[in-house]
Amino acid sequence: MEKYSGFNLLKHALTGHRRWPRSWRSPEPKPRYDVVIIGGGGHGLATAYYLAKEQGITNVAVLEKGWLGGGNTGRNTAVSRSNYFYPESTRFFEHSLKRFETMGRDLNYNIMFSQVGLLNLAFSRHELEIFRRWATAIQVQGVDCQVMSRDEIAAAVPLLNMSPHARYRVYGGFMQRRGGISRHDAVAWAYARAADNLGVDIIQNCEVTGLEVGDGRIRGVKTSRGAIRTDKVGMAVAGHSTAVAAMAGIKLPIVSQCLQAMVSEPVKPCFDHVVMSPMVHCYVSQSDRGELVIGGGADTHPSYGQRGNLPTTEAVLNAVVEMYPTFSRLKLMRQWGGIVDIAPDSSPIVSKTPVTGFYISTGWGTGGYKAIPAGGETLAHTIAHDRPHPLVEPFSLDRFAQGRLVDEGAAAGVAH
Amino acid sequence: MIRIECPWCGPRSEAEFTCGGQSHIVRPADPAAVSDREWAQYLYQRDNPKGLHYERWRHTFGCRQWFNVARDTVTHEIRAVYRMTDLKPAPGGEGV
């Protein structure tokens, strides 16, 4: 692997950047692997990387039915934060945020991580009271969080409608300064390149069509490019988790829904932070290219249609133009949808399963992107040692039968 | 946008309705007698099919009545609308 550096950039400039080596190979699948990862998005690629890097297991294949990062990794709004209410969530997501902070160096790849700060807005006195409780919970867990007044918010977000007669009148909020945005494709490519360099086979256009289970153990994987023998399978397929788990005879408490995002035409820098509002479920940031990146809540019914329904689009955009009246003059450039897995308590499931050698990472809901580093690291540990990583012990599949829900949706008022 | 034929009010826009998730879930007859695992299945386990889904909807901004819908989760096409007390229509049968 050729290192990405200023020196090499200059060296390749001499040949017009035509001689950069490929970032990863395109190998044919081997008949047998120690571990097979299903899903070549951020989570699957990160799992393969940490298996090779931290667990010393390099005979690993990542099977992707389409192209790398072509699912939800390439469709999301690329926000990282760790401002959760429950310690189980905060510990996990804070670990993930720290990984984001060093990812550029760790993987020798510019993921363009900009810690622009993540601001949550409260639109009523009651919401502000809940915010103070939430912010205190974050602070006592040792995570940065700053409560902000109306005036401070007006200065930080000049385009926000601060009129006392606004439809959504701002009462205050809190900011996590270390939260930010990054380049989502780069995160997938960084893990792919680093994993490939450690010997992992990344196999694209290879759809898993069945799982072979015998005597309660995983025996192999059937794919569109032939059968592969393996004793361990890690599943990291957002959206289709229930379908893949069903191949191993496992039912998951997951409902698939569509989550939309959209971008405006590019404009000059005008919006410095990621600004969210749990009550009206709309969040906005500005990308490095100048587009305003807009997201909201998931569509309100089960769906596998990767497009998004108009009533949700309209609700999100209504909130955007109420909060930022100047944005009503912008043209919307693109709108799209991805299918997310939502668990009953809006928390992820990273877990062993009743089938020996079958491990799952699912239920990431509307916020799996920020979990990519920690999700990959903990799933790799769980696969390698056949016991859960301490960070994901609270997120096991059997928590539902045991009544140990981590109900972040109820605590923080937003989905993960 | 989905157009839903409310059994009481006729065809209306999706925006007037609330989806209540999977329908025809049967509560265990004797909750004290079932295991934790069975109870969790009842509370949390859902079908989540890619295709035909039998689900409850409520006409929230209309008559406020609950009813059942058989809908495709990929195309969002509604195959049948039937009342809460009606039996689940067979896949491929009349209206489904």
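The values are calculated or read from the model by the stated rules, or taken from the named source; none is laboratory data. Values in this document were obtained by computation on a predicted structure and should not be read as measured data. Because the Cβ atoms are built from the backbone with ideal geometry, glycine has one as well, and the counts that use them run over all protein chains shown.
Scan segment B:38-87 residue by residue and report those that are surrounded by 14 or more Cβ atoms within 10 Å (Cβ to Cβ) and of a type in the set (Lys, Arg).
Passing the criteria: B:Arg46, B:Lys50, B:Arg56, B:Arg58, B:Arg71, B:Arg79.
On the basis of being in a loop (DSSP other than H, G, I, E, B), within 22 Å of A:Ala380 (Cα to Cα) and among the polar types (S, T, N, Q), does A:Ser82 make the cut?
Spelling it out, A:Ser82 is indeed in a loop (DSSP other than H, G, I, E, B), within 22 Å of A:Ala380 (Cα to Cα) and among the polar types (S, T, N, Q).
Only one of A:Arg167, A:Arg125, A:Arg132 is touching a residue at least 60 places away in the same chain (Cβ under 8 Å) and not hydroxyl-bearing (Ser, Thr, Tyr). Can you tell me which? Break it down stepwise before answering.
Numbers: A:Arg125 fails: touching a residue at least 60 places away in the same chain (Cβ under 8 Å); A:Arg132 fails: touching a residue at least 60 places away in the same chain (Cβ under 8 Å).
Within the list A:Arg167, A:Arg125, A:Arg132, the selection yields A:Arg167.
Filter segment A:246-264 for residues that are at the interface with chain B (Cβ under 10 Å from one of its Cβ atoms), under 21 Å from B:Glu38 (Cα atoms) and not aliphatic (A, V, I, L, M) and give the result. Let's see the steps before the verdict.
Here is the first cut: in segment A:246-264, the residues at the interface with chain B (Cβ under 10 Å from one of its Cβ atoms) are A:246, A:251-258.
Retained after the next criterion (residues that are under 21 Å from B:Glu38 (Cα atoms)): A:246, A:251-255.
A:Lys251, A:Pro253, listed by residue number.
For segment A:139-190, name all the residues that are in a helix (DSSP H, G or I), farther than 15 Å from A:Val275 by Cα and of a type in the set (Val, Ile, Thr).
A:Val140, A:Val187
Would you check if A:Ser347 is crowded, with 17+ Cβ neighbours inside 10 Å and in contact with a strand residue (DSSP E or B) (Cβ under 9 Å, 6 or more places away or on another chain)?
Numbers: crowded, with 17+ Cβ neighbours inside 10 Å: yes; in contact with a strand residue (DSSP E or B) (Cβ under 9 Å, 6 or more places away or on another chain): no.
For A:Ser347, the condition - crowded, with 17+ Cβ neighbours inside 10 Å and in contact with a strand residue (DSSP E or B) (Cβ under 9 Å, 6 or more places away or on another chain) - is not met.
Provide a single number: the residues in segment A:258-295 that are out of contact with any helix residue (DSSP H, G or I) (no Cβ under 8 Å at 6 or more places or on another chain), of a type outside the set (S, T, N, Q) and assigned to a loop (DSSP other than H, G, I, E, B).
11
Pick out, from segment A:323-416, the strands (runs of 3 or more DSSP E) lying fully within it that include 3 or more residues that are away from every other protein chain (no Cβ under 12 Å) and either of a type in the set (Ser, Thr, Tyr) or farther than 30 Å from A:Lys268 by Cα (or both).
A:349-352, A:358-362
Determine whether segment B:12-19 contains at least one residue that is within 11 Å of chain A (Cβ to nearest Cβ), assigned to a strand (DSSP E or B) and under 29 Å from A:Ala401 (Cβ atoms).
So far as segment B:12-19 goes, yes, one or more of its residues are within 11 Å of chain A (Cβ to nearest Cβ), assigned to a strand (DSSP E or B) and under 29 Å from A:Ala401 (Cβ atoms).
Name the residues in segment A:222-241 that are within 26 Å of the chain's Cα centre (by Cα), in a strand (DSSP E or B) and aliphatic (A, V, I, L, M), would you?
A:Val233, A:Met235
Regarding A:Ala298, is this residue within 14 Å of another protein chain (Cβ to nearest Cβ), of a type outside the set (D, E, K, R) and in a strand (DSSP E or B)?
Considered against the rule, which asks whether it is within 14 Å of another protein chain (Cβ to nearest Cβ), of a type outside the set (D, E, K, R) and in a strand (DSSP E or B), A:Ala298 comes out as yes.
Please work out if B:Ser23 is more than 7 Å from every other protein chain (Cβ to nearest Cβ), polar (S, T, N, Q) and in contact (Cβ under 8 Å) with a residue 40 or more places away in the chain.
So B:Ser23 passes the test.
Which of the numbered conditions does A:Ala243 fail, given that it passes all the others? Conditions: (1) within 9 Å of chain B (Cβ to nearest Cβ); (2) over 20 Å from A:Ser347 (Cβ atoms); (3) crowded, with 19+ Cβ neighbours inside 10 Å.
So the condition that A:Ala243 fails would be (3).
A:Arg307 versus (1) crowded, with 18+ Cβ neighbours inside 10 Å; (2) within 14 Å of chain B (Cβ to nearest Cβ); (3) part of a loop (DSSP other than H, G, I, E, B): which is the lone unmet condition?
(1)
For A:Val244, indicate whether it is under 20 Å from A:Pro354 (Cβ atoms), among the β-branched types (Val, Ile, Thr) and not in a helix (DSSP H, G or I).
No, not satisfied.
Going residue by residue through segment A:54-74, is there one that turns out to be modelled with pLDDT of 95 or more, on the phi > 0 side of the Ramachandran plot and loosely packed, with under 15 Cβ neighbours inside 10 Å?
Within segment A:54-74 (the criterion being modelled with pLDDT of 95 or more, on the phi > 0 side of the Ramachandran plot and loosely packed, with under 15 Cβ neighbours inside 10 Å), the answer is yes, since at least one residue qualifies.
From the list A:Ile203, A:Ile218, which residue is touching a residue at least 24 places away in the same chain (Cβ under 8 Å), within 14 Å of A:Ile38 (Cα to Cα) and touching a Pro at 6+ places or on another chain (Cβ under 9 Å)? Give the derivation first.
Details: A:Ile218 fails: touching a Pro at 6+ places or on another chain (Cβ under 9 Å).
After applying the criteria, what remains is A:Ile203.
Listed here are the residues, each with its yes/no results for (1) surrounded by 22 or more Cβ atoms within 10 Å (Cβ to Cβ); (2) more than 20 Å from A:Ser285 (Cα to Cα); (3) among the aliphatic types (A, V, I, L, M).
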{"site": "A:Lys98", "(1), (2), (3)": "no, yes, no"}
{"site": "A:Glu129", "(1), (2), (3)": "no, yes, no"}
{"site": "A:Arg150", "(1), (2), (3)": "no, no, no"}
{"site": "A:Tyr168", "(1), (2), (3)": "no, no, no"}
{"site": "A:Gln176", "(1), (2), (3)": "yes, no, no"}
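I'm told B:Ser23 meets every condition in (1) of a type in the set (Gly, Ala, Ser); (2) surrounded by 14 or more Cβ atoms within 10 Å (Cβ to Cβ); (3) more than 21 Å from B:Lys88 (Cβ to Cβ) except one. Can you identify the failing condition by its number?
Of (1) of a type in the set (Gly, Ala, Ser); (2) surrounded by 14 or more Cβ atoms within 10 Å (Cβ to Cβ); (3) more than 21 Å from B:Lys88 (Cβ to Cβ), only one is false for B:Ser23: (3).
Considering only segment A:4-51, state which residues are hydroxyl-bearing (Ser, Thr, Tyr) and within 18 Å of A:Phe358 (Cβ to Cβ). Don't jump to the end; show me each part of the working.
Our first condition is that a residue be hydroxyl-bearing (Ser, Thr, Tyr); within segment A:4-51, this holds for A:4-5, A:15, A:23, A:26, A:33, A:47, A:49-50.
Correct list: A:Tyr33, A:Thr47.
For segment A:14-54, which residues satisfy the criterion of being out of contact with any helix residue (DSSP H, G or I) (no Cβ under 7 Å at 6 or more places or on another chain), in a helix (DSSP H, G or I) and more than 17 Å from A:Thr223 (Cα to Cα)?
Correct list: A:Lys53 only.
When you go through A:Tyr84, A:Tyr50 one by one, which is the residue that is surrounded by 24 or more Cβ atoms within 10 Å (Cβ to Cβ), out of contact with any Cys (no Cβ under 7 Å at 6 or more places or on another chain) and modelled with pLDDT of 95 or more?
Result of the check over A:Tyr84, A:Tyr50: A:Tyr50.
All but one of (1) β-branched (Val, Ile, Thr); (2) out of contact with any His (no Cβ under 7 Å at 6 or more places or on another chain); (3) within 9 Å of chain A (Cβ to nearest Cβ) hold for B:Thr73; state the number of the condition that does not hold.
So the condition that B:Thr73 fails would be (2).
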